[in-house]
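Contents: one structure, followed by commentary.
The values are calculated or read from the model by the stated rules, or taken from the named source; none is laboratory data. If you're wondering where the values come from, they're calculated on a predicted model, not measured in any experiment. We place every Cβ from the backbone using ideal geometry, glycine too, and count neighbours over all the protein chains shown.
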Amino acid sequence: MKLTTTNLLALTAAFASADPSLETRANQDMKHCMEKAPNVHKAIEKFCKKTDMVVPSNYAHMGETVGNTFIQIMGPCDPPQWVPQQACWSQFHHICRHGNSRGEGTKQYGRQGCQEWVIG
């Protein structure tokens with residue numbers, strides 16, 4: 001299909017009508033988490049500042065606590081797997097948004113699901 005100005009405008013209009021705010025899913029998850037569970041959001045912001053996190057590691061296992069909320073990543077990954085900072089933020093906010101009323105939940109990530117991400 002040849003991309004013409006008309007096709008491009010139609011495509012842009014379709015995307016804009018599907019998501020008028022043009023927010024990404026990650027931004028939507030973060031916004032919902034901030035409103036639903038502020039302490040979870042604060043823990044995510046503190047924990048995910050580390051740029052060289054791997055699982056397993058003491059840092060990932062010890063996690064972060066804010067108030068009565070804790071987050072951590074556990075798992076027997078061999079070899080250890082790097083957790084990119086953006087993945088840390090987006091995946092924890094996704095768990096929070098889709099978790100219980102306090103944002104708590106767990107989800108498996110990483111190669112072969114060897115990482116268990118926990119918000120409790």
| task | State all residues of segment 100-119 that are of a type outside the set (D, E, K, R) and farther than 19 Å from residue 57 by Cα; if no residue qualifies, say none. | result | 100, 101, 103, 105
| task | Scan segment 110-120 for residues that are under 16 Å from residue 44 (Cα atoms) and buried (at least 19 other Cβ atoms within 10 Å of the Cβ) and jot them down. | result | 117, 119
| field | Close pairs (8 angstrom Cβ cut-off, 6 or more residues apart or separate chains): touching a residue at least 12 places away in the same chain (Cβ under 8 Å) and closer than 11 Å to residue 108 by Cβ in segment 68-79, among the charged types (D, E, K, R) and outside any loop (DSSP other than H, G, I, E, B) anywhere | value | 73/116; 74/116; 75/116
| task | Select from segment 81-120 the residues that are hydroxyl-bearing (Ser, Thr, Tyr) and farther than 11 Å from residue 71 by Cβ and list them in ascending order. | result | 90, 101, 109
| task | Give the number of residues within segment 66-108 that are assigned to a strand (DSSP E or B) and farther than 19 Å from residue 45 by Cα. | result | 2
| query | From the residues in segment 47-64 that are among the charged types (D, E, K, R) and exposed (fewer than 14 other Cβ atoms within 10 Å of the Cβ), which one is farthest from residue 111 (Cα to Cα)? | reply | 49
| query | Any residue at all in segment 52-64 that is among the charged types (D, E, K, R), in contact with a helix residue (DSSP H, G or I) (Cβ under 6 Å, 6 or more places away or on another chain) and modelled with pLDDT of 95 or more? | reply | yes
| message | Exactly one condition in (1) in contact with a Ser or Thr (Cβ under 9 Å, 6 or more places away or on another chain); (2) in a helix (DSSP H, G or I); (3) closer than 16 Å to residue 107 by Cβ; (4) not acidic (Asp, Glu) is false for residue 39; which is it? | response | (3)
| query | When you scan segment 65-81, how many residues do you find that are closer than 13 Å to residue 117 by Cβ and crowded, with 19+ Cβ neighbours inside 10 Å? | reply | 6
| If you check 7, 27, which single one turns out to be at pLDDT 85 or above, assigned to a helix (DSSP H, G or I), exposed (fewer than 15 other Cβ atoms within 10 Å of the Cβ) and not small (Gly, Ala, Ser)? | 27
| field | Residues located in segment 82-98, provided they are buried (at least 16 other Cβ atoms within 10 Å of the Cβ) and either over 12 Å from the mean Cα position of the chain (by Cα) or of a type in the set (Phe, Trp, Tyr) (or both) | value | 89, 92
| message | Going by what's in this entry, would residue 46 be described as in contact with a strand residue (DSSP E or B) (Cβ under 6 Å, 6 or more places away or on another chain), within 27 Å of residue 82 (Cβ to Cβ) and modelled with pLDDT of 90 or more? | response | yes
